[in-house]
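For reference, the structure discussed in these notes is given below.
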Amino acid sequence: MTWTLHPDVSTVDTDYGTVLLDGRDGRYWQLNPTASLAFHALVGGSTVQETAERLMAVYDVDEPRARADVEQLMADLRQAKVVREA
């Protein structure tokens, strides 16, 4: 499954992660470094499994937790209509 960022949502990388700004209504999200890594991997074309493996390589987290975190992040962003399946 491939994800794309909604065209009205802009992103800015900061020292603390990534900020997403929804130009439709002014809502924004601050992603911490872990969520930022997952977000960029997924919208860059990585699968959930590949993204979980990246998290496991960078952070001290096991596979079930990494996968659950990635799935929850994308579910939250999809529900907010920040990302969509391509």
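The values are calculated or read from the model by the stated rules, or taken from the named source; none is laboratory data. Values in this document were obtained by computation on a predicted structure and should not be read as measured data. Don't worry about glycine lacking a Cβ; one is built from the backbone with ideal geometry, like all the others, and counts go over all protein chains shown. When the accessible area is computed, the model is the full protein with side chains, heavy atoms only, and any ligands, DNA or RNA have been set aside. Shrake-Rupley method; radii C 1.70, N 1.55, O 1.52, S 1.80 Å.
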| said: Please verify whether Leu21 is of a type outside the set (D, E, K, R) and modelled with pLDDT of 95 or more, treating the condition exactly as stated. | reply: yes
Across the range 5-21, the tally of residues that are of a type in the set (Val, Ile, Thr) and open to solvent by less than 50 Å² (accessible area, probe 1.4 Å) stands at 3
Going through the range 61-78 in order, the residues found to be more than 11 Å from Thr34 (Cβ to Cβ) and of a type in the set (Asp, Glu) are Asp62, Glu63, Glu71, Asp76
Filter the range 22-52 for residues that are closer than 22 Å to Ala68 by Cα and in a strand (DSSP E or B); the one that is most open to solvent (accessible area, probe 1.4 Å) is Gln30
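Conditions tested, residue by residue: (1) of a type in the set (Asp, Glu); (2) touching a helix residue (DSSP H, G or I) at 6+ places or on another chain (Cβ under 6 Å); (3) within 30 Å of Asp25 (Cα to Cα); (4) at pLDDT below 95.
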residue	(1), (2), (3), (4)
Ala41	no, yes, yes, no
Thr47	no, no, yes, yes
Thr51	no, yes, yes, no
Leu55	no, yes, no, no
Asp62	yes, no, no, no
Ala68	no, no, yes, no
Val83	no, yes, yes, yes
